[in-house]
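Peer 1: Sending over a structure as structure tokens; questions will come in a sec.
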Amino acid sequence: MRIDKFISECGIASRKEAALAAKRGQLLVDGVAERDVSRHIDPEKQSVTYMGRIINYSRFVYVMLNKPEGYVSATEDSRLPVVTELLSDELKKRELFPVGRLDRDTVGLMILTNNGQLAHTVLSPKRHVEKEYRFECAEPLDENAEQTFSEGVTLADGYECKSAGLVCDPDRRGGVITLTEGKYHQIKRMIASFGNKVTYLERISFASIPLDASLARGEWRYLTTKR
């Protein structure tokens, strides 16, 4: 990979900025100044230092975001703020995108990455990836709601949802829902089938990855092999 492309893909600097740093002697390859940014290197075997900073190469990046209300699960929108705006300038250069989506008024766990294959695999209906949501509703849920969720809720348009988990709070005005599918406004529509309305919705787990309780709304952190 070309040095300037490597630096650009890591989100450290643009190719033009890399070339200028090289001319100033601020770009090192294996500890030696390199002025030719078109030179090819093996990022996994060679070390690159840009303006005194050693660049640790990682082709794919994974980020956990605690999504706040009001943001769209997209990389761009002509009218509304998008979740990628919450990332650092360095990460924005890596062209991350959200894995799946949350409604604009839904908060909580969102995974962003630049690994398209992983996103495709995780989102495949065949994978039955579990997603957990904390919800609150306007009125107490019916006493038979847990059984109905387990058997599969039928939505207003006739769609029969897959079996889902429901654990209600003692007052039945909220609880935790576990889904293995992700239809449009699904939880809101499931609760609406009982003549009720969702007033708060937060995703707390995705693909066995729990939301980091230390992350405030709008904050993010890198995901590691240990999550």
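Bear in mind that the values in this text are calculations on the coordinates, not laboratory data. These numbers were taken from a predicted model, which means no experiment stands behind them. Reconstructed Cβ throughout: ideal geometry from the backbone, glycine too, with neighbour counts over all protein chains shown.
Peer 1: Assess whether Thr75 counts as being under 13 Å from the mean Cα position of the chain (by Cα) and of a type outside the set (Phe, Trp, Tyr).
Peer 2: Yes; evaluated as a whole, the condition is true for this residue.
Peer 1: From the residues in the stretch 15-49 that are without any contact (Cβ under 8 Å) to a residue 12 or more places away in the chain and part of a loop (DSSP other than H, G, I, E, B), which one is nearest to the chain's Cα centre (by Cα)?
Peer 2: Lys45
Peer 1: Yes or no: the stretch 166-181 includes at least one residue that is of a type in the set (A, V, I, L, M, F, W, C) and in a loop (DSSP other than H, G, I, E, B).
Peer 2: Looking for residues that are of a type in the set (A, V, I, L, M, F, W, C) and in a loop (DSSP other than H, G, I, E, B), one finds none in the stretch 166-181, hence no.
Peer 1: Among the listed residues Glu202, Glu143, Glu160, identify the single one that is within 29 Å of Glu85 (Cβ to Cβ) and of a type in the set (Asp, Glu).
Peer 2: Result: Glu202 is the single residue among Glu202, Glu143, Glu160 that is within 29 Å of Glu85 (Cβ to Cβ) and of a type in the set (Asp, Glu).
Peer 1: Does any residue of the stretch 106-125 turn out to be touching a residue at least 60 places away in the same chain (Cβ under 8 Å), of a type in the set (S, T, N, Q) and either closer than 29 Å to Lys162 by Cα or surrounded by 19 or more Cβ atoms within 10 Å (Cβ to Cβ) (or both)?
Peer 2: yes
Peer 1: Do you know which residues across the stretch 201-227 are of a type in the set (Phe, Trp, Tyr) and surrounded by 15 or more Cβ atoms within 10 Å (Cβ to Cβ)?
Peer 2: Once the filter is applied, which keeps residues that are of a type in the set (Phe, Trp, Tyr) and surrounded by 15 or more Cβ atoms within 10 Å (Cβ to Cβ), the stretch 201-227 yields Phe206, Trp220.
Peer 1: OK, next. Applying the selection to the stretch 179-227, what residues are under 23 Å from Thr113 (Cα atoms), in contact with a Lys or Arg (Cβ under 8 Å, 6 or more places away or on another chain) and without any contact (Cβ under 8 Å) to a residue 60 or more places away in the chain?
Peer 2: Correct list: Leu179, Thr180, Glu181, Lys183.
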